[in-house]
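In what follows, a single structure is set out as structure tokens and then discussed.
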Amino acid sequence: MQTMIIGYGKMGREIEKAARDRGHQVILKIDMENHGELGSNLVKDADVAFEFSTPETAAGNVTACLDAGVPVICGTTGWTGELARVETHCREVGGTFLYASNFSIGVNIMFQINRWLAEVMNRFPEFRPSISEIHHIHKKDSPSGTAVTLAGDITERTAKIKSWKNEEAEEPEILSVISERKGEVPGTHVLTYQSPLEILEISHQAMNRSVFATGAVLAAEFIKGKTGVFRMEDLLKI
């Protein structure tokens, strides 16, 4: 495939390497310095765009690609308030779009376990859930998109949990999400259920950023020739 990368930071460079390792070409790299090229004819030569920019620019970047007829893989987090609108636009123009807050295979399996576990734990209110996450100091959003996904799935499925907040919560109806930023940590997420008698923990630790880049390239290969809005669940068939 001929690919383009929007947001040529650390993740953009990892995606470039992963794409080339799997035999794909990178024909265009767009960052702040050449953002105007997003409206050029070069964009239309791409078979897929990887959008890993900033929360402020993601929606516009995705929309521009869809309008140019270019399928999009988006991993930018912190902009999901606009996600439904962009997905609607994708369907209206007959485009192809896959968004994930995390492209790790392991994390997406963790998402599935989290949904199932939240429904099971409805029957055991003595267990109180919480989420903690650690990322590198350069990460722009806090909590991480992965933590937000985990928290949202718990609040949707757990009768006693009404909301979540990004700090320690004493109120039993509020889910605690604790975020730390340390050094160059690629990403660690821990889901905990604690009762007065026992603790259940499920954790995921990324060893380096390449796990996310490889997942994004796998997603691009998956949507090739397809039309519509997709998730990592579609790729993993879970």
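The values are calculated or read from the model by the stated rules, or taken from the named source; none is laboratory data. All figures in this text were calculated on a predicted structure; none of them were measured in a lab. Glycine gets a Cβ as well: all are built from the backbone with ideal geometry, and neighbour counts include every protein chain shown.
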(request) Only one of these is touching a helix residue (DSSP H, G or I) at 6+ places or on another chain (Cβ under 7 Å), in contact (Cβ under 8 Å) with a residue 40 or more places away in the chain, surrounded by 14 or more Cβ atoms within 10 Å (Cβ to Cβ) and outside the structural domain of K224 (by TED's automatic domain parsing): T158, T192, T188. Name it. (result) T158
(message) What's the total number of residues in region 58-88 that are without any contact (Cβ under 8 Å) to a residue 12 or more places away in the chain and either in a loop (DSSP other than H, G, I, E, B) or farther than 14 Å from V229 by Cβ (or both)?
(response) 2
(request) Scan region 18-34 for residues that are surrounded by fewer than 15 Cβ atoms within 10 Å (Cβ to Cβ) and either assigned by TED's automatic domain parsing to the domain that holds K140 or outside any loop (DSSP other than H, G, I, E, B) (or both) and jot them down. (result) R20, D21, Q25, M32, E33, N34
(message) Within region 42-49, does at least one residue satisfy the condition of being buried (at least 21 other Cβ atoms within 10 Å of the Cβ) and acidic (D, E)?
(response) no
(request) Provide a single number: the residues in region 155-166 that are out of contact with any strand residue (DSSP E or B) (no Cβ under 8 Å at 6 or more places or on another chain) and either part of a loop (DSSP other than H, G, I, E, B) or hydroxyl-bearing (S, T, Y) (or both). (result) 2
(request) Collect the residues in region 185-203 that are over 17 Å from T146 (Cβ atoms) and in a loop (DSSP other than H, G, I, E, B), keeping them in residue-number order. (result) S195, P196, L197, E198
(message) Criterion first (surrounded by 15 or more Cβ atoms within 10 Å (Cβ to Cβ), in contact with an Asp or Glu (Cβ under 8 Å, 6 or more places away or on another chain), farther than 29 Å from E51 by Cβ and among the aliphatic types (A, V, I, L, M)) does A213 satisfy it?
(response) no
(message) Looking only at region 104-154, count every residue that is part of a helix (DSSP H, G or I) and polar (S, T, N, Q) and tell me the total.
(response) 5
(request) Keeping to region 187-214, report how many residues are over 11 Å from I131 (Cα atoms) and among the acidic types (D, E). (result) 1
(message) Report every pair of residues separated by at least 6 positions or lying on different chains whose Cβ atoms are under 6 Å apart, first residue within region 109-123 and more than 13 Å from E156 (Cβ to Cβ), second of a type in the set (A, V, I, L, M, F, W, C) and at pLDDT below 95.
(response) Q112/I238
